[in-house]
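Quick notes on the structure that follows.
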């Protein structure tokens, strides 16, 4: 038996928790409370699917600072949510003029390859940023990586999801 203990489970407890054996990037059982309209807007502008941890992290930041979730980590960690988070924050209210914007270039740094999508920025001096790295635009991200664009072009794998990367 894995985990030892041998105690009986309480009835109904499984329904309260997410199944930890499933791939959380593909799981729909722990869906964040973000409207389908906002999800569609983000994914239509970026033409990329975003993993559920992206939306869970937004909800977490909303709990920290309901007024400005994108800035909720700035004082404690020096980080700001950007890129697709700008749409959730209402920073890109679409007008006719902005409808032709290429959102895939939004918050792209000089050395960033097309596979890298910036979601968090940090120190402006080093141009520290974090983002999702995906092998194919049709797939969910493989990992969250970091880069300091002023120093080099190396993307360092920092976690499987945004929570693991922002520790």
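Key figures
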item: Residue 111 vs. criteria within 12 Å of the chain's Cα centre (by Cα) and outside any helix (DSSP H, G or I); result: no
item: Evaluation of residue 58 against (1) in a loop (DSSP other than H, G, I, E, B); (2) buried (at least 16 other Cβ atoms within 10 Å of the Cβ); (3) modelled with pLDDT of 95 or more (one fails), failing number; result: (1)
item: Residue in segment 146-154 that is within 21 Å of residue 49 (Cβ to Cβ), at pLDDT 95 or above and not in a loop (DSSP other than H, G, I, E, B) present; result: no
item: Cross-chain or 6+ apart pairs with Cβ under 7 Å, segment 60-75 first and at negative phi and in contact (Cβ under 8 Å) with a residue 60 or more places away in the chain, then surrounded by 14 or more Cβ atoms within 10 Å (Cβ to Cβ) and part of a helix (DSSP H, G or I); result: 73/61
item: Output for segment 114-136, where each listed residue is within 24 Å of residue 75 (Cα to Cα), assigned to a loop (DSSP other than H, G, I, E, B) and either at pLDDT below 75 or within 18 Å of the chain's Cα centre (by Cα) (or both); result: 122
item: Unique match (being buried (at least 20 other Cβ atoms within 10 Å of the Cβ) and modelled with pLDDT of 90 or more) among 79, 48, 64; result: 79
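The values are calculated or read from the model by the stated rules, or taken from the named source; none is laboratory data. Predicted model only: the values in this text are computed from it and were never measured. Note that we place each Cβ from the backbone using ideal geometry, even for glycine, and neighbour counts take in every protein chain shown.
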